[in-house]
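**Student:** There's a structure below that I have some questions on.
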Amino acid sequence: MTNKPGRHSFRERLDYMIDKLRTDILSGVLQAGAYLPAESTLAKQFQLSNKSVRKGLDTLVQESLIVKIDRVGSMVLDVAQERIRIHFGCSASLSQDFLIDELIAAFHRQHPGIHVFPVTLNDFNHVHSASEMINNGMLDVISLNSTQFQEMTENGLTALLDPLEPDAGLYPIATEAFLAQGVMYAYPISFSPVVLCYNRSHFREAGVPEPDSYWTWDDLIEAAETLSQRLGKHAVYFVPASENRYSVFLLQSGLHTVTDATGRPTLSADTAKSLSVYSGLVNNHRIFPKYLAGDHEDETISLFVNGQVSMVLATYFNLNAFKNLALDYDLAPLPTLKPRDPQRMLMITIGAAVAANSRQKEAARQFVRFLASEEAQSLIREKTVSIPARKLVAESPASSELNRPSRYLMYRELLPAFFYHSELGLPIDALRRFRKLLNAYWSELIGEEELHEEMSKLIQLERQQGQPV
């Protein structure tokens, strides 16, 4: 049996050794006057030959980072106080989702020789912007949510990211979001299902029982009618065209086509029913406000905070808007389409990945590892309402006095019910085309028959192009 090196090539292993030693020297982990491990030790550590190790050390000599002393070893030189700079492309929402600015500050305290520069990416064009900037050598680390990673995978862009070693301490359902062909490309930082968030005081005032896990959408609509009538306001809201909202209904029914009497493909009865229920909800303006001008979750949260609606579809990330407010709220699983249907809930995970062409790859890896570390995850647990991706941290008691819902840990019992957008069996580009069709349908610009016909055509087209559905 041979002891072969891992999947990294010789050149990758050599570059990794050089990069790690350089980072340790520039960041102060290896102080001036310290000696590097013996060449034989480095050879074993990085799976290289002694000759290759010497070649790598020669590179560090040329960079004036070490000096070789005959019969003694390689000594670290006194270098100027220079920080390694890494650029982190991320969404602006991370400041609220899990206080990314505080996490970066904590990383700086732990690694004073490495400076992280956040670069805000456009949420609506995140993958394209990140890919362009990585190709131009402008980013070392990027944030990705599960949908964005799915888009990168479908467009053959995972080669832009450096593979990472698995971490058994992270929730498996969270790491699943960033796997492609068995390789992990990002570490999850935080995750959330889409849940039903409700104002408890509104329910008490209206004399309506609070939502429970047996609710169907019909139950929600019935409760909303009573709430609206007794409180004199709309009862429920979410952004109808959001891919993180309409997809919930399609997940619950499945996305299937059948052949009608004329031999043409059409949507299955269950899929058609889910669209009908959703349309009936968002077009019932006794309980659901007319669509607002924007297309952002801030609208939903603002209505809820101001007491203008009693129920919203939300994520745990959204709950951070309430953490310092005296708002009496709680959570429940999403209603189902039919009584006793198994739960199927949409899952969203946010993670961080290393750019494969980063010139500071070891420093970038240290930052990504830190975001998934116990220290960073504990900050998320204590200072936000978001769910940390590290299991032991997420399920530990929190000492801070944030306004957390009493059912915060509800998600633990629902883990088997969590699914990503990929479960729909359509690429992200097709879901965006769905969005346009559904928006026209909910706005009553096209009828139900035309919607079913156009959606069926889109599904059939994806099948013909070899996409899973």
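**Student:** Can you pull out the residues in region 385-411 that are closer than 18 Å to ASN318 by Cα and not in a loop (DSSP other than H, G, I, E, B)?
**Tutor:** Within region 385-411, ILE387, PRO388, ALA394, MET410, TYR411 meet the criteria.
Okay, residues lined up against (1) assigned to a strand (DSSP E or B); (2) under 30 Å from TYR316 (Cβ atoms); (3) open to solvent by less than 70 Å² (accessible area, probe 1.4 Å):
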site: LYS68; (1), (2), (3): yes, no, no
site: ARG71; (1), (2), (3): no, no, no
site: SER74; (1), (2), (3): yes, no, yes
site: ASP78; (1), (2), (3): no, no, no
site: ARG85; (1), (2), (3): yes, no, no
site: PHE88; (1), (2), (3): yes, yes, yes
site: ASP97; (1), (2), (3): no, yes, yes
site: ASP101; (1), (2), (3): no, yes, no
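**Student:** So is LEU438 more than 19 Å from the chain's Cα centre (by Cα) and exposed (fewer than 15 other Cβ atoms within 10 Å of the Cβ) or not? Outline the logic, then answer.
**Tutor:** Values: more than 19 Å from the chain's Cα centre (by Cα): yes; exposed (fewer than 15 other Cβ atoms within 10 Å of the Cβ): no.
Spelling it out, it is not the case that LEU438 is more than 19 Å from the chain's Cα centre (by Cα) and exposed (fewer than 15 other Cβ atoms within 10 Å of the Cβ).
Yes or no, residue by residue, for (1) among the polar types (S, T, N, Q); (2) at pLDDT 90 or above:
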site: VAL29; (1), (2): no, no
site: THR41; (1), (2): yes, yes
site: VAL53; (1), (2): no, yes
site: SER95; (1), (2): yes, yes
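**Student:** For region 232-241, indicate whether the set of residues that are more than 28 Å from ILE446 (Cβ to Cβ) and of a type outside the set (A, V, I, L, M) is non-empty. Before the answer, list the steps.
**Tutor:** First, pick out the residues of region 232-241 that are more than 28 Å from ILE446 (Cβ to Cβ): 232-233.
Those left that are additionally of a type outside the set (A, V, I, L, M): 232-233.
Within region 232-241 (the criterion being more than 28 Å from ILE446 (Cβ to Cβ) and of a type outside the set (A, V, I, L, M)), the answer is yes, since at least one residue qualifies.
**Student:** With ASN318, ASN324 as the choices, which residue is touching a helix residue (DSSP H, G or I) at 6+ places or on another chain (Cβ under 9 Å) and polar (S, T, N, Q)?
**Tutor:** Values: ASN324 fails: touching a helix residue (DSSP H, G or I) at 6+ places or on another chain (Cβ under 9 Å).
Answer to the selection: ASN318.
**Student:** Those residues that are part of a helix (DSSP H, G or I), of a type in the set (Gly, Ala, Ser) and open to solvent by less than 60 Å² (accessible area, probe 1.4 Å), I need them from region 6-51; list them, please.
**Tutor:** Listed by number, the list holds a single entry, ALA43.
**Student:** For region 210-329, which fully contained helices (runs of 4 or more DSSP H) count at least 3 residues that are among the small types (Gly, Ala, Ser)?
**Tutor:** Numbers: elements: 217-231, 246-253, 269-282, 297-305.
Qualifying helices (runs of 4 or more DSSP H): 217-231, 269-282.
**Student:** Cβ-Cβ below 8 Å, separation at least six or inter-chain, first residue in region 132-161 and under 20 Å from ALA430 (Cα atoms), second loosely packed, with under 14 Cβ neighbours inside 10 Å and among the acidic types (Asp, Glu): which pairs?
**Tutor:** Listed by first residue and then by second, the contacts come to GLU151/ASP429; GLU154/ASP429.
**Student:** Take region 380-394 and flag every residue that is surrounded by fewer than 19 Cβ atoms within 10 Å (Cβ to Cβ) and either in contact with a helix residue (DSSP H, G or I) (Cβ under 7 Å, 6 or more places away or on another chain) or within 17 Å of ALA105 (Cβ to Cβ) (or both). Steps first, please.
**Tutor:** Quick first cut of region 380-394, residues surrounded by fewer than 19 Cβ atoms within 10 Å (Cβ to Cβ) only: 382-383, 391-392.
Across region 380-394, the qualifying residues are GLU382, LYS383.
**Student:** More than 14 Å from the chain's Cα centre (by Cα) and open to solvent by less than 30 Å² (accessible area, probe 1.4 Å): does that describe LEU196? Break it down stepwise before answering.
**Tutor:** Working: more than 14 Å from the chain's Cα centre (by Cα): yes; open to solvent by less than 30 Å² (accessible area, probe 1.4 Å): yes.
So LEU196 fits the description; yes.
**Student:** Looking at region 103-136, which of its residues are open to solvent by 60 Å² or more (accessible area, probe 1.4 Å) and not in a helix (DSSP H, G or I)? Let's see the steps before the verdict.
**Tutor:** Initially, region 103-136 is screened for residues open to solvent by 60 Å² or more (accessible area, probe 1.4 Å), giving 109-110, 112, 117-118, 120, 122-125, 128, 132, 135-136.
The answer is PRO112, PHE117, PRO118, THR120, ASN122, ASN136.
**Student:** Right, something else. Give the residues of region 18-35 that are under 15 Å from GLY56 (Cβ atoms) and either in contact with a Gly (Cβ under 6 Å, 6 or more places away or on another chain) or of a type outside the set (A, V, I, L, M, F, W, C) (or both), sorted by residue number.
**Tutor:** ILE18, ASP19, LYS20, ARG22, THR23, ASP24 - these are the residues of region 18-35 that are under 15 Å from GLY56 (Cβ atoms) and either in contact with a Gly (Cβ under 6 Å, 6 or more places away or on another chain) or of a type outside the set (A, V, I, L, M, F, W, C) (or both).
**Student:** Considering only region 207-222, state which residues are touching a strand residue (DSSP E or B) at 6+ places or on another chain (Cβ under 8 Å) and surrounded by 16 or more Cβ atoms within 10 Å (Cβ to Cβ). Spell out how you get there, then give the answer.
**Tutor:** Here is the first cut: in region 207-222, the residues touching a strand residue (DSSP E or B) at 6+ places or on another chain (Cβ under 8 Å) are 210-213, 215-217, 220.
Within region 207-222, PRO211, TRP215, THR216, TRP217, LEU220 meet the criteria.
**Student:** Quick one: in region 330-365, of everything that is more than 30 Å from ASN136 (Cβ to Cβ) and not in a loop (DSSP other than H, G, I, E, B), which residue is nearest to the chain's Cα centre (by Cα)?
**Tutor:** First, the residues of region 330-365 that are more than 30 Å from ASN136 (Cβ to Cβ): 330-347.
Next, only the ones that are not in a loop (DSSP other than H, G, I, E, B) stay: 330-332, 336, 345-347.
Values: ASP330: 23, LEU331: 21, ALA332: 21, THR336: 24, MET345: 15, LEU346: 12, MET347: 9 Å.
Across region 330-365, the extreme among qualifying residues is MET347.
**Student:** Pairs, please: C-beta under 8 Å, at least 6 apart or cross-chain, first residue on the phi > 0 side of the Ramachandran plot and in region 99-116, second open to solvent by less than 50 Å² (accessible area, probe 1.4 Å) and of a type outside the set (Ser, Thr, Tyr)?
**Tutor:** That search, which allows pairs on different chains as well, returns LEU99/LEU379; LEU99/ILE380.
**Student:** Got at least one residue in region 235-245 being over 26 Å from ASP330 (Cβ atoms), buried (at least 21 other Cβ atoms within 10 Å of the Cβ), at pLDDT 95 or above and of a type in the set (A, V, I, L, M, F, W, C)?
**Tutor:** no
The values are calculated or read from the model by the stated rules, or taken from the named source; none is laboratory data. Bear in mind the structure is a predicted one, so any value in this text is a computation, not a measurement. Every residue, glycine as well, gets a Cβ built from its backbone with ideal geometry; the counts of neighbours run over all protein chains shown. Just so you know, the surface numbers come from the protein's heavy atoms only, side chains and all, with ligands and any DNA or RNA stripped out. Shrake-Rupley method; radii C 1.70, N 1.55, O 1.52, S 1.80 Å.
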